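Student: Here's a structure for you.
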Amino acid sequence: MKLLVAVKRVIDYNVKIRVKSDHTGVETANVKMSMNPFDEIGVEEAVRLKEAGVATEIVAVSMGPAPVQETIRTALAMGADRGIHVETDVELQPLAVAKLLKAIAEKEQPQLIILGKQAIDDDSNATGQMLAALLGWPQGTFASKLKIEGDTALVTREVDGGLETEALKLPALITTDLRLNEPRYASLPNIMKAKKKTIAKLTAGELGIDVTPHLTVLKVEEPPKRQAGVKVKTVEELIDKLRNEARVI
Amino acid sequence: MTVYRAPLRDYKFLLEEVFDVGEIAKLPGYEEATAETFAAVLAEGAKLCEEVLFPLNLPGDAEGCRFENGVVRTPKGFKEAYDLFRQGGWTALAADPHYGGQGLPATLNFFVSEMVASANLSFGMYPGLTAGAVEAIHQHGDEVQKKTWLPKLIDGTWSGTMCLTEPQCGTDLGQVKTRAVPTDGDGVYRITGTKIFISAGEHDLTDNIVHLVLARLPDAPSGTRGISLFIVPKFLATDDGARGPRNGVRCGGIEHKMGIKASATCVINFDDAQGYLVGEKNGGMRAMFTMMNAARLGVGLQGLALGETAYQSARTYALERLQGRSPTGVKFPDKPADPLIVHPDIRRMLLTMRAYTEGGRALAAWVMQAEDKAHRLTDADERAANDELVGLLTPIVKAMLTDNAFLVTNLGMQIFGGHGYIHDNGMEQLVRDCRITQIYEGANGIQALDLVGRKMGQHTGRLLRRFFHPVDQYLRAKMSDPALGEFALPAYRAFGRLQQTTALLAQKGLVNPDEAAAAAAEYLRAFGLVALGYVWTRIAEVALAKRGMANGEAAFYDAKLATARFYMAKLLPETGALFASIGSGAKPVMELAAEAF
């Protein structure tokens, strides 16, 4: 069974995000970039499926300018077998990514596609759902557990009332939630091996996809600063403030 | 609270912009070690250090190692972290691929080791000592010894130690008393004696510990010429390389130390233990010396590493801690007070920390690159030239970087004020952990004697010329450069005085060795400060060239330039006082009679 995993290069989760002074976006120069943590969970799950003998090949896909290759290499070092890099300098939005992935899925014919449930930079939480819809495949989003039985994927999701398990007929798509697994650290020998694995380069044009953005960012701003708190002298004053200032009771 | 993020951008700057890392990939056997490899390995190593090792640092200090019934327990979490480290192949990084290593360059190993030490110096001691043992066996052992011990040491299943010190002998190894008695077996001896201060001598991280022990044969000449090196394992190895029966090696206790409390410092008793001679009889000191340089460079970078953590933590604190107002008026009127960073004295401390740390790293990176060249260049003369540069600068990297680091960690604590003195904030641990780096692997005074007494005069000053010539050429060429002159000129002036002082010292030292010895520590420091002046000029040159086309990174290069300026203006002038003091000769140190102390 072939698996496709999508990996996105994002600002590292440890970095304190700064808004650009012209409010067009966030500062990315001289900022540490890494693989979207949810995608890391996706790669880990794929590698575990391969180690368990369920999957035979893992293809890691990323899109964007040349440096996203580093992110693909990270996936290869974790255990993916080969990479595909769709090279473009255009800002990619979820629909364009979903269309590109659809084109790649049609070429590669995977049985399962794993994506992070969202990327921590734009938090769109849209690509997986769009891709499943475009492919006409069943989708199991926010997976916290995954089991493959024959041609069925059993996906456990954490919902408000508890756990929900869905049976998806393969080929299918899942998006990962935090508790699906804990990604491994790539080992030094595997980092060295990853250098020898191939990364195929494609362009959006070759895939016949128009990636022109459909959304325009008007302004990016920092969240409002928290106001300092005040000390109240009596319970009555607290109740008064809650009732009349905060208006919560 | 201490914080640590691996300085990956600074590594990239040094590797790709200041020193051409591409030169390393041209060396035979290092073809794989491209800039991309460096980046990928450092990024993954950084994760492990930041996420696994660093969080164990403060609790490991609080808990320390425990000694119970001859067994040493490392602090909670160390075993799991060690397993992750070992399974990740990090113990194998620079080792010979023939025995399971990854065969990567010393330069890369240097940066990885720095990250480990920044995150958790105590933890780093265990794999660090193993790497020393691997090097000793690899260089001096026979093929059977290599096949028996190296694979498991390299993959980290077993660990290693260096057993040198005994109660009556530290620096002066000529007094070693541990005995080695030959047996009927070829190369097999019975070892008896007590070793102290053995880092990683006993612990619960690995199933076996392989000690490298200096001992004396029955017919050995006295002094350092009569010392031999032996492999003495805690458990013997079976013929197929598995762990065999227990050997006569017992831990007699652990030391209660000022710092690196999670590193077990052990008394090891050898009682008729089976050992195997490594290399020639009575050739132990020579074998030791080949490793000593690498170990000393390693300690220099431990200091550097702690300085990095101290700087990052103090900078974060200085930007966040609101206290008092700027002397020139309120800078943050919306806040109850200004952050510490508005205060000139806080800035002085932070810049001192930064200039010593980043400059020290650049100096060490230059030396490590020479180390790789010394091992791998095809031309024998060029190999020798690089080896001589490394030999000359090793005592400087060891002593100056650790002396600076003690200052840097102390300043870090100072910036935290009273909170720096509180254990839970982690800053005082850095000071305590750092303190040992000035002492072990040859106290810094010994490093100064090594520089003045051995390296300076070696081959009629040829080692000195390996540094003086390229530095003279470079600074002289850059001095008149309109932009770079502000860095190259002060560096060149200090360099000129260093050359004069060197000539003076060599002359006076020949007549009276006390003259050289009395000035040695100050001379080493002055030499080191000049060397930092040289690397800061090189850093400034790159920063000047890059800042115009910096694609959003102008701030990075501007910070390099400002720090270089600070170094030249505020730190390099210390050389003036040092040269004056050296000029006063040995008399002020020697005239007081010993009994009058």
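Student: Enter the angle in degrees (range 0 to 90, nearest 10) between the Cα long axis of helix B:78-87 and the first principal axis of the Cα atoms of chain B, meaning the one along which they spread out most.
Tutor: 90
Student: Show that you can apply the helix-only estimate: for chain B, add -39,500 (n - 2.57) for every DSSP H stretch of four or more residues, divide by all residues, and state [θ] at 222 nm to the nearest 500.
Tutor: -18000 deg cm²/dmol
Student: Given the Cα-Cα distance of B:L236 and B:N512 and 0.36 nm per residue of separation, how much length would full extension add, in nm?
Tutor: Computed gain between B:L236 and B:N512 is 94.2 nm.
Student: By count of other Cβ within 10 Å, fewest leading, how are A:L178, A:L135, B:L463, B:L319 ordered?
Tutor: Starting with the residue having the fewest Cβ neighbours, the order is B:L319, A:L178, A:L135, B:L463.
Student: Just report the Cα centroid separation between region B:554-597 and region B:186-204, whole Å.
Tutor: 42
Student: Ok, one more. Once you have the Cα-Cα distance between A:E27 and A:E182, take 0.36 nm times their residue separation minus that, and quote the gain in nm to one decimal.
Tutor: 52.9 nm is the gain from fully extending A:E27 to A:E182.
Student: Now for a separate question. Students often check this: by mean Cβ neighbours within 10 Å, which of B:56-62, B:229-235, A:213-219, A:196-202 ranks highest, and how do the rest follow?
Tutor: B:229-235, B:56-62, A:196-202, A:213-219
Student: Here is a further query. Once you have a ≥ b ≥ c as the square roots of the Cα gyration tensor eigenvalues for region B:312-356, tell me rounded if a/c is under 1.5, and otherwise prolate or oblate according to whether a/b is larger than b/c.
Tutor: It comes out oblate by the Cα gyration axes.
Student: Quick check on region B:160-283: what does the Kirkwood estimate of hydrodynamic radius come out to from the alpha carbon pairs, in Å?
Tutor: Kirkwood hydrodynamic radius for region B:160-283: 14.7 Å.
Student: Using a Förster distance of 41 angstrom, determine the FRET efficiency expected from the C-beta separation of B:K26 and A:N125, and round it to 0.05.
Tutor: Efficiency, from the Cβ-Cβ distance: 0.30.
Student: Per residue of region B:466-472, what does 6.51 cos²θ - 1.76 cosθ + 1.60 with θ = phi - 60° give for ³J(HN,Hα)? Whole Hz please, x for Gly and Pro, Karplus curve as stated.
Tutor: Whole-Hz 3J(HN,Hα) from phi for region B:466-472: 4, 9, 4, 5, x, 5, 4.
Student: Between rounded, prolate and oblate, where does region B:8-140 land on the alpha carbon gyration tensor, with a ≥ b ≥ c its root eigenvalues, rounded for a/c under 1.5, else prolate if a/b exceeds b/c?
Tutor: Because a/c hits 1.5 or more and a/b fails to exceed b/c, region B:8-140 counts as oblate.
Student: Assuming R0 = 35 Å, can you tell me the calculated FRET efficiency for the pair A:K225 and B:L8, based on Cβ-Cβ distance, to the nearest 0.05?
Tutor: 0.70
Student: Using helices alone, what [θ] at 222 nm do you get for chain A, with -39,500 (n - 2.57) per DSSP H run of 4 or more residues, divided over all residues and rounded to the nearest 500?
Tutor: -8000 deg cm²/dmol
Student: Which far-off residues, 5 or more places away or on another chain, put their amide H under 5 Å from the one on B:W158, with H placed in the peptide plane?
Tutor: Here B:L153 satisfy the definition.
Student: With everything on Cα atoms, drop me the angle between helix A:94-108 and the longest principal axis of chain A, reported from 0 to 90° to the nearest 10.
Tutor: Helix A:94-108 and the main axis of chain A meet at about 20 degrees.
Student: Something else about it: Arrange the peptides B:102-115, B:329-342 so that the one whose residues have, on average, the most other Cβ atoms within 10 Å appears first.
Tutor: B:102-115, B:329-342
Student: Let me confirm one metric for peptide A:69-82, namely the mean number of other chain beta-carbon atoms within 10 Å of its residues' beta-carbons.
Tutor: Counting other chains' Cβ atoms within 10 Å and averaging over A:69-82 gives 1.
Student: Using 0.36 nm per residue of separation minus the Cα-Cα distance, give me the extension gain between B:Q500 and B:N551 in nm, one decimal.
Tutor: Answer, rounded to one decimal: 14.0 nm.
Student: Same structure again: Determine, from the Cβ-Cβ distance of B:D207 and A:N244 and an R0 of 60 Å, the FRET efficiency 1/(1 + (r/R0)^6), rounded to the nearest 0.05.
Tutor: Step by step, r from the Cβ atoms, then E = 0.30.
Student: For region A:2-222, rounded, prolate or oblate, judged on the Cα gyration tensor with a ≥ b ≥ c (square roots of eigenvalues), a/c < 1.5 rounded, else prolate if a/b > b/c?
Tutor: Because its axes are fairly even, with a/c under 1.5, region A:2-222 counts as rounded.
Student: Oh, and also: Sort B:W158, B:W536 so that the residue with the fewest other Cβ atoms within 10 Å of its own Cβ comes first and the one with the most comes last.
Tutor: B:W158, B:W536
Student: Given H placed 1.01 Å from N in the peptide plane, which residues other than close sequence neighbours of A:T176 have an amide H under 5 Å from its amide H?
Tutor: Residues meeting the amide H criterion: A:L115, A:G116, A:K117, A:F142, A:A143.
Student: Once label points are set 7 Å from the Cα along Cα→Cβ at both B:A559 and B:R246, what is their separation, rounded to one decimal in nm?
Tutor: 5.3
Student: Quick one: what are the phi-derived ³J(HN,Hα) couplings along region A:42-53, Karplus 6.51/-1.76/1.60 with θ = phi - 60°, whole Hz, x for glycine and proline?
Tutor: Per residue, the Karplus-derived 3J(HN,Hα) values read x, 5, 4, 4, 4, 5, 5, 5, 6, 4, 7, x Hz.
Student: Where the only charges are on Cβ atoms (+1 Lys, Arg; -1 Asp, Glu), what is the dipole of region B:160-283 about its Cα centre, to the nearest 20 debye?
Tutor: So the dipole magnitude of region B:160-283 works out to roughly 360 debye.
Student: Positive end of the dipole of chain A, charges at C-beta (+1 Lys, Arg; -1 Asp, Glu), about the Cα centre: which of A:A103, A:T71, A:L207 has its Cα farthest in that direction?
Tutor: So the residue we want is A:T71.
Student: Once you list every other residue whose beta carbon is under 12 Å from the beta carbon of A:V217, what net charge do they have if Lys and Arg are +1 and Asp and Glu are -1?
Tutor: -2
Student: Specify the inter-centroid distance of region B:272-325 and region A:169-240, based on alpha-carbon positions, in whole Å.
Tutor: When both Cα centres are located, 38 Å separates them.
Student: Rounded to the nearest 5, what % of the DSSP beta bridges within the protein assembly as shown are antiparallel ones?
Tutor: Just about 60 percent of them are antiparallel.
Student: A follow-up question, please. Looking at the P(r) of chain B, how many percent of alpha-carbon pairs lie beyond 47 Å?
Tutor: Everything past 47 Å amounts to 13 percent.
Student: Considering amide H positions built from the backbone, and no H for Pro or chain starts, which residues 5 or more places from A:I148, or on another chain, come under 5 Å of its amide H?
Tutor: Long-range HN contacts for A:I148: A:L154.
Student: Measure nothing fancy, just the Cα-based angle from helix B:106-140's long axis to the longest principal axis of chain B, in degrees from 0 to 90, nearest 10.
Tutor: Between the helix axis and the principal axis of chain B, the angle is about 40 degrees.
Student: Something else: Mind jotting down the three principal axis lengths of region B:459-587 based on Cα atoms? Whole angstrom, largest first.
Tutor: Reported extents, whole Å, longest axis first: 58, 27, 20.
Here, each number is a calculation from the coordinates, and none is a lab measurement. As the structure is a computational prediction, the values presented were derived from the model and not from experiment. With ideal geometry, Cβ positions are generated from the backbone for all residues, glycine too; neighbour counts draw on all protein chains shown.
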